[in-house]
Amino acid sequence: MSDTKTAPTTDSTASANAGRMTQAERRERSEQELLEATMRVVSEKGVAAATFDAIGKEAGYSRGLVTQRFGSKDGLIRSLIAALHDWQREALAAAHVERMDGLTALCAFVELHCQALDGREEDKAYYMLLAAAVADRLETRAAFAESHELERVLIRKIIERGQAEGSIRRDADADATALMAGCALIGIRIQNMIDPDTEIAPVRDALVQSLRARLAPV
């Protein structure tokens, strides 16, 4: 299956650059464009509208290429989740969270997630797909469960690092606190989708204050 766009481009420079790409580079680019198209279709038209036909058309590729790249809806969603985790790692690295003490890093993690509530199609699409998977008892629920487990482990490790260095009280239940923080962030995001006019800053600040009060050494 060719990675060639179904619609001709009017940008001769982009076309020339595409012609100089290796097969691996073309594959990577087409996968990224298909994922971006998925996010746009879901966030603008809803989960039901995100058929392989619609995604391929939105990206300018054939439906067959979507099938070839991802195999199934589950494969597509897993690729989307992986891309979002990559973005998160890059954002945490850019904020130098690893250099912070554990408690500061945990609060920065919360603030980073809340800052992403700015209409990003990636986040909106993720939670729309999550809601549909839960409501309709789809097989893709497993992919979201695995994603949230990765988040829980990541947050727990931040807490455990803080406990080891003394910035977080040692008697705190790291696992339960990680799950609580993760659930709070999910709730904030869902609320933002239900009512985009919700003032997120006060909720974010309340969560950060709660974590500091719960975890700061006495």
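The values are calculated or read from the model by the stated rules, or taken from the named source; none is laboratory data. Please read these numbers as outputs of a predicted model, since none were measured by experiment. Note that we place each Cβ from the backbone using ideal geometry, even for glycine, and neighbour counts take in every protein chain shown. Surface areas here come from the heavy atoms of the whole protein model, side chains and all, with no ligands, DNA or RNA. Shrake-Rupley method; radii C 1.70, N 1.55, O 1.52, S 1.80 Å.
Which ones in segment 46-83 are closer than 17 Å to L130 by Cβ and in a helix (DSSP H, G or I)? Working first, answer last.
Of all residues in segment 46-83, those closer than 17 Å to L130 by Cβ come to 46-50, 73-83.
K73, D74, G75, L76, I77, R78, S79, L80, I81, A82, A83 - these are the residues of segment 46-83 that are closer than 17 Å to L130 by Cβ and in a helix (DSSP H, G or I).
Could you pull out the residue among R141, R137, R161, R169 that is buried (at least 19 other Cβ atoms within 10 Å of the Cβ) and of a type in the set (K, R)?
The unique qualifying residue is R161.
What are the pairs, 6+ residues apart or on separate chains, where a residue within segment 148-159 that is in contact (Cβ under 8 Å) with a residue 12 or more places away in the chain has its Cβ under 6 Å from a residue that is open to solvent by 30 Å² or more (accessible area, probe 1.4 Å)?
Pairs found: R152/L179; R156/D175.
Given the conditions (1) in a helix (DSSP H, G or I); (2) open to solvent by 20 Å² or more (accessible area, probe 1.4 Å); (3) over 25 Å from D197 (Cβ atoms), which single one is not true for E122?
It fails just one condition, (3).
Is there a residue being among the acidic types (D, E), more than 22 Å from A201 (Cβ to Cβ) and out of contact with any Lys or Arg (no Cβ under 6 Å at 6 or more places or on another chain) anywhere in segment 35-53?
The answer is yes, given that some residue of segment 35-53 is among the acidic types (D, E), more than 22 Å from A201 (Cβ to Cβ) and out of contact with any Lys or Arg (no Cβ under 6 Å at 6 or more places or on another chain).
Evaluate segment 18-27: report whether one residue or more is part of a helix (DSSP H, G or I), among the basic types (K, R) and either at pLDDT 90 or above or within 20 Å of K124 (Cβ to Cβ) (or both).
Checked segment 18-27: no residue is part of a helix (DSSP H, G or I), among the basic types (K, R) and either at pLDDT 90 or above or within 20 Å of K124 (Cβ to Cβ) (or both).
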